[in-house]
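Following: one structure in structure tokens, then a few remarks.
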Amino acid sequence: LQAAQDSNDPVRRAALLWRVTYAALDELNERQPGLLHIQRYEDLANDPETGYRQLYAVCGLDWTDEARKRIVWATSDHGKKHSERTWTGILSRTAFKPMDSRAALGAYRDRLSEQEIELVHEITDDVAARFYDAKDDVTSA
């Protein structure tokens, strides 16, 4: 964590924080199996309805048609491109904005340079390999 604190590079800081967080979660999950339910963002984004239905079940919540409708609405783009959405400066209770979750998965490619993407891989790949495999297209391996 000291390396993240000492860095002025926000990409390096975020990657280091991700690495520390997921390494700690994996270690805790190894030591106390069943204590955590780790749900990958990519799985939720690719198939929100199924993913959230599973999360509801894990949390002991009733999956209702209203919940399904809200999840579908919140993870759809409603015909708007990401660039058409602007922040008004006014935050809702949750600062939530609906978005096309599937399209958001690759948005980092538009926001980060090739060098920044390589840096993220350099910092995170060994920990990411515990959660992803080659077919997920997340690690550089």
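Only the coordinates and a few stated rules stand behind these numbers; no lab work does. For clarity, every value in this text was computed on a predicted model and none was experimentally measured. Cβ atoms come from the backbone with ideal geometry, glycine included; neighbour counts cover every protein chain shown.
For the peptides 12-18, 33-39, 102-108, the ranking by mean Cβ contacts within 10 Å, running from highest to lowest, is 12-18, 102-108, 33-39. Between the beta carbons of Tyr56 and Asp26, assuming R0 = 25 Å, the FRET efficiency works out to 0.55 to the nearest 0.05. Taking label positions 7 Å along the Cα-Cβ direction at both Ala107 and Ser76, the computed distance is 1.9 nm, reported to one decimal.
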